[in-house]
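Report on one structure; see the data block that follows.
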Amino acid sequence: MNCQCGEVVTPGLLDVFKARQWLIDAASPLDSIEDISLDSAAGRVLAQTVVAPLDMPGVDNSAMDGYALRLADYHASLGGAGLLVLQRVPAGAGVLLLPAGGCARIFTGAPVPVGADTVVPQERVTLDQHGHVHLEGALVKGANIRRQGEETCAGTQLLAAGEYLNAASIALLASHGIDTVSVKRRLRVALLSTGDELIAPGALRSPGQVYDSNRAMLNVLLAQAQCDVVDLGVTADSPHALHHAFDHAQSAADVVLCTGGVSVGEEDHVRPVIEQRGGLHFHGVAMKPGKPFAFGYLDAGRFSVTPLIALPGNPVASLVGWQLLALPFIHVMQGRRPMALQRYSVKAGFAKRGPRGRCELLRVVLDGSNEEPVAQLAGGQGSHMLSAASQAHGYLMVNADTDVVEGGDYVYYPISQFAA
Ligand code: AMP
Ligand code: MG
């Protein structure tokens, strides 16, 4: 991937939304495309705009189980015995001609016979013993008919390039008879944890050791984001070990994602190693949790640079850094349009002293028992405390140097928006 970034490194902490935009602007979409079966296309990103090959619906058809008739015939029959049912049209039937002076029994999805201009739902119809229909209420010409091409006409755009294929968009393509799609190749992401204290879940823990929960979490998040993960395990806290791991990561993936060791302590080697290898683009974001976040490139020659996203070691900081900053970068590399953040105003059901110098994303649950939902803290708010993060419905954002007042309105970000 070619590095397209411009100016490097800000002094101090970067505003979270500026950092997000910086990442979005820095990401280059993958070029590689493949044609795959629609059956396996869920979660993939369309590489080309798809145009409707045919009209939808294909013919005028009934929106109801009922009776198809020509309104003029019905009015003409009112003085006499009524319209006789002369035809039966189930779904799957061909396009028939409505017999003159009669009407057709018709079912949802069946083609409206040529000559009929209205469908009357069966609930409004009674049949007399001779098979004549009698209707309740007024009739509106054209009612209950789905018109040919009313949703899409052949040649109109169905889905744009860059669209994420969800269940409904797969169904939309299937409904137009499409069984193959051109999509972007899946993104390969190399994942590594750094830290001498880290051990694998399942191992016996000695005092001072910490289970590597970030890699477990990021494996899930990357899978949800439709990435292929190259899991490189745990790397020791040393420049040598990091260089070695980054060499491997760079040759194996489109993007490198690491956690830990990215703060400014003596044992934090990620930033200096990125600086040695090509380019640090920024380090430090004015948010809590998630301050020690870095973005840069691992240079491996003139035309080959691999982006590196370094997330904090603290587990909740790592999670928030992924959701707000890394994910939009990944989306753009996948060929997707970056999602606009969904947010709305919610009242706080608690008071809390706010953070100094950076915004805070409080993990909250929404209490829906009142008329208006109220946010309550989901548990302890330490950046090492996963319990609250595991229960939270969303983040309540508190601006820098602002205290939370009970009953005050704050911006709320639902966590569900970060799921794919
Ligand atoms: P660091 O960012 O390396 O200074 O780590 C900050 C805190 O996060 C320390 O308490 C680490 O032990 C912890 N930590 C770092 N990496 C992980 C990880 N992969 N899983 C769980 N905790 C971690
Ligand atoms: Mg560390």
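What follows draws every value from the coordinates through simple rules; no lab data is involved. Worth saying up front: this structure is predicted, and the values here are computed from it rather than measured. Virtual Cβ from ideal backbone geometry, glycine too; neighbours counted across all protein chains shown.
Amide H contacts under 5 Å for residue 85: 103, 133, restricted to partners 5 or more places along the chain or on a different chain, H placed in the peptide plane at 1.01 Å from N. The ranking of 25, 73 from fewest to most other beta carbons within 10 Å of each one's beta carbon is 25, 73. Our helix-only sum for the chain, with -39,500 (n - 2.57) per DSSP H run of n ≥ 4 divided by its residues, gives a mean residue ellipticity at 222 nm of -5500 deg cm²/dmol. Can you tell me what the convex hull of the Cα atoms of the stretch 61-146 projects to on average, as an area in nm²? Over every viewing direction, the Cα hull of the stretch 61-146 projects on average to 4.8 nm².
Treating each Cα of the stretch 43-94 as one equal point scatterer and applying the Debye formula with no solvent, the log10 of I(q)/I(0) at q = 0.29 Å⁻¹ comes out as -1.21. The chain: percent of C-alpha pairs farther apart than 27 Å? Tail fraction, whole percent: 63. Cβ crowding within 10 Å ranks 282, 295, 350 as 350, 282, 295, fewest other Cβ atoms first. The mean sequence distance of close C-alpha pairs (under 8 Å, at least 6 residues apart), as a share of the length of the chain, puts its relative contact order at 17 percent. For the stretch 348-420, what is the convex hull (Cα atoms) projected area averaged across all directions, in square nanometres? Computing the convex hull of the Cα atoms and averaging its projections yields 5.1 nm².
The ranking of 194, 180 by Cβ neighbour count inside 10 Å, starting from the fewest, reads 180, 194. The convex hull defined by the C-alpha atoms of the stretch 266-420 has an orientation-averaged projected area of 10.6 nm². Let me test this: with uniform point scatterers at the alpha carbons of the stretch 210-332, what is the Debye-based log₁₀ I(q)/I(0) at q = 0.09, 0.14, 0.22 1/Å? Debye curve over Cα of the stretch 210-332, log10 I(q)/I(0) at q = 0.09, 0.14, 0.22 Å⁻¹: -0.21, -0.53, -1.49.
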